[in-house]
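Down below is the structure, laid out as C-alpha cells.
A short reminder: the numbers here are calculations on the coordinates, not readings from a lab. The structure presented is a predicted model; accordingly, all values stated were derived computationally and were not measured. Heads up, the Cβs are rebuilt from the backbone with ideal geometry, glycines too, and the neighbour counts pull from every protein chain shown.
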C-alpha cells in the first residue's frame, strides 16, 4: 500500500512517478472551496464504492472504472482484466496541449490515502 506525506503545500505519495495521485489528493482536499462542505463529510461520499468521484473540467477527473473500456489504454490490459473483480478508480490529470496522465488505484487504498492526507492537513492547520 502506498504512503502519503504532506510536504506543505504539496503531498508526496510513494509509487507515484507521474505525481498523478499527489495532484489528486491536493485537488480532492480543496473541493471544499467549491462545494462549501467539509472534506471529512464530502470525501467519503464521493469516493465510496458507489460514489460519483470528482470532475474538475479541464483540470482533473477521478471516477470508478465499471467496465474494461473505462481504463485508459495507455495503462494496459492488466487493469482492464481486474475491473470485474476489484473496485478500481481512475485518476486523470488533464493538461491543455499535453496527453493526460493517469493512475489506477483500488478503492480501499484510495480511501486510505484520502484519510491519511486529510489527517495530515488537519494536524498541520491545528499547529
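Structure notes:
- Here region 1-17 is the region considered, the condition is being outside any strand (DSSP E or B) and within 13 Å of the chain's Cα centre (by Cα), and the residue that is surrounded by the fewest Cβ atoms within 10 Å (Cβ to Cβ) is 2.
- The set of residues in region 49-86 being touching a helix residue (DSSP H, G or I) at 6+ places or on another chain (Cβ under 7 Å), exposed (fewer than 15 other Cβ atoms within 10 Å of the Cβ) and in a helix (DSSP H, G or I) consists of 68 alone.
- Of the residues in region 74-82, none is more than 17 Å from residue 20 (Cβ to Cβ) and under 15 Å from the mean Cα position of the chain (by Cα).
- If you go through region 103-127 and pick out every residue that is buried (at least 19 other Cβ atoms within 10 Å of the Cβ) and in a strand (DSSP E or B), you end up with 3.
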